[in-house]
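Take a look at the structure set out below.
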Amino acid sequence: MKFSTVIQLSSVLLVAPRANAQLPGLGWLGCPTPSTIPNFNNSKLPDPFLFNDGLPVLTKSDWECRRAQIGALIQGYEAGVLPGKPSHVTSTFNATSGVLSITAFNGGNNITFAQTIKYPTGTAPAGGWPLVIGYDGGSIPVPSGIATLSYANSAMAVQNDLTSRGVGLFYDLYGANHTASSMTAWVWGVSRIIDALEDLPKANINTKKIAVTGCSRDGKGALMAGAFEPRIALTIPQESGSGGDTCWRLSLYEQSSGSVVQTATEIVQENVWFSTNFANYVNELEVLPYDHHLLLAMVAPRGLVSYENTDFAWLSPLSAWGCVSAAHTVYEALGVAQNHGFEQIGGHEHCAWPANLTASLNSFFDKFLLNENVSTDDFSTNDVFYNVTWNAANWINWKTPRLL
Ligand code: MCU
């Protein structure tokens with residue numbers, strides 16, 4: 001069979017061809033997505049452009065396979081299993097109140113969750129209104145012309161402290177012992193909201209123009225949603241700190257250099273944002289075949305802009321800068337560097353939006369939700385790293401390819 005036929009077959013099967021498909025006989029391996037890689041050991045940030053087996057990622061369709069591998073690994077080590085769409089779900093939309101109600105069934109269990117969509121005034125654009133889904137409401141200014149939905153993620157999976165493990169609607173449906181972390185349960189809920197919006201044209205939302213945002217713990221969650229739900233066009237984590245747009249390895253380095261930052265070891269004792277399994281790895285980060293630069297990279301090539309706050313060492317500003325810089329190489333490799341933005345400044349309270357970043361934020365809304373052809377060349381930090389030194393070459397030891 002000719003190579004071109006293999007590619008066509010792969011496409012039909014929705015399995016991305018891998019780089020090694022070009023070697024005789026190996027194309028039939030498809031895209032294996034194990035949840036762990038035994039004996040992995042790397043104290044630096046793992047190379048985004050190597051498959052699990054060490055072969056190089058050469059093309060954009062290779063990246064789709066690599067992305068699938070990363071998603072499986074993140075679930076395997078720290079997120080738990082993200083279930084797909086249940087076979088039985090119903091949804092309704094009330095055009096007068098804007099209430100979108102979803103009922104999902106699993107075995108003998110069912111849950112109902114409802115959220116209200118607030119619409120702009122005036123006539124919707126062709127295809128429906130763009131929408132921002134705000135975790136626990138979100139805390140960024142949303143421009144006019146965009147609908148908003150406040151997502152009660154903390155009811156989907158409770159996040160008070162360690163006693164919240166297995167508590168919330170998601171666990172009422174799937175059982176309190178389900179491996180999904182709270183953040184993974186929240187992603188599931190976002191996906192069901194988008195399913196419902198796709199099924200209900202009278203809700204008049206353009207499901208190709210959806211952004212997701214949240215701050216702090218909810219910023220970590222918003223990033224997870226953008227990473228795992230490819231229908232999200234724009235992901236806006238705000239001050240997500242450790243466990244969000246920062247890398248575990250870099251936060252540990254930052255702490256060992258004398259800064260008071262949140263590390264993986266601390267976070268698993270604080271709350272249920274990660275799976276119980278993750279506690280097995282937090283003291284040997286080098287065995288993780290990923291770090292959060294790859295979680296960020298899962299959003300590529302879609303829009304992603306994260307904002308951090310250098311006034312709080314706990315958020316680990318060096319780790320954020322290093323991690324987003326490493327993720328940026330994937331956007332560069334895909335030829336869409338401008339789709340990935342980052343800004344990190346101080347001078348405001350945690351989760352209080354600084355007005356001097358509104359122009360940056362609006363440019364991303366304009367480009368990804370409002371169909372405007374604007375520049376989103378926005379990637380910088382104010383360099384307040386609490387006397388810890390960032391040396392990219394110490395952590396990023398790959399060359400960025402140009403994926404074909
Ligand atoms: C930055 O997000 C968290 C942080 O990880 C926690 O350690 C801290 O307790 O709470 C932050 C938060 O969610 O603040 C609202």
Any residue at all in region 283-291 that is buried (at least 24 other Cβ atoms within 10 Å of the Cβ), under 16 Å from Ala225 (Cα atoms) and away from the ligand (no atom under 16 Å from the Cβ)?
no
Any chance you could count how many residues in region 261-282 are among the small types (Gly, Ala, Ser) and within 14 Å of the ligand (Cβ to nearest atom)?
1
Taking the stated definitions as given, is Thr163 without any contact (Cβ under 8 Å) to a residue 60 or more places away in the chain and within 16 Å of the ligand (Cβ to nearest atom)?
yes
Are there any pairs, at least 6 apart or on different chains, whose C-beta atoms fall under 7 Å, with the first in region 210-222 and in contact (Cβ under 8 Å) with a residue 24 or more places away in the chain and the second open to solvent by 10 Å² or more (accessible area, probe 1.4 Å) and near the ligand (Cβ under 7 Å from one of its atoms), and if so, which?
Cys215/Cys351; Ser216/His350; Ser216/Cys351
Anything in region 383-393 that is of a type outside the set (Val, Ile, Thr) and more than 25 Å from the chain's Cα centre (by Cα)? List them, or say none.
Tyr386, Asn387, Asn391, Ala393
Scanning region 217-235 for residues that are under 10 Å from the mean Cα position of the chain (by Cα) and either among the aromatic types (Phe, Trp, Tyr) or within 15 Å of the ligand (Cβ to nearest atom) (or both) gives Gly219, Lys220, Gly221, Ala222, Leu223, Met224, Phe228
Please determine whether any residue of region 199-219 is small (Gly, Ala, Ser) and in a loop (DSSP other than H, G, I, E, B).
yes
Within region 240-258, is even one residue modelled with pLDDT of 95 or more and over 25 Å from Asn394 (Cα atoms)?
no
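For (1) assigned to a helix (DSSP H, G or I); (2) at pLDDT below 95; (3) open to solvent by 10 Å² or more (accessible area, probe 1.4 Å), each residue gets a yes or a no:
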position	(1), (2), (3)
Glu64	yes, no, yes
Leu73	yes, no, no
Gly134	no, no, no
Val142	no, no, yes
Leu149	no, no, no
Looking at (1) among the hydroxyl-bearing types (Ser, Thr, Tyr); (2) surrounded by 17 or more Cβ atoms within 10 Å (Cβ to Cβ); (3) touching a Leu at 6+ places or on another chain (Cβ under 9 Å), can you tell me which one Tyr174 breaks?
(3)
Any hit, region 298-320, residues being away from the ligand (no atom under 16 Å from the Cβ) and in a helix (DSSP H, G or I):
no
Among (1) more than 16 Å from the ligand (Cβ to nearest atom); (2) assigned to a strand (DSSP E or B); (3) within 20 Å of Ser139 (Cβ to Cβ), there is one condition Val190 misses while meeting the rest; what is its number?
(2)
Hey, can you tell me all the residues within region 236-260 that are farther than 19 Å from Glu343 by Cβ and within 10 Å of the ligand (Cβ to nearest atom)?
Gly243
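The values are calculated or read from the model by the stated rules, or taken from the named source; none is laboratory data. Bear in mind that the values here come from a model prediction, so they are computed numbers and not experimental data. Please note: Cβ atoms are built from the backbone with ideal geometry, for glycine as well, and neighbour counts cover all protein chains shown. Remember, those area values only see protein heavy atoms, side chains included, never the ligands or the DNA or RNA. Shrake-Rupley method; radii C 1.70, N 1.55, O 1.52, S 1.80 Å.
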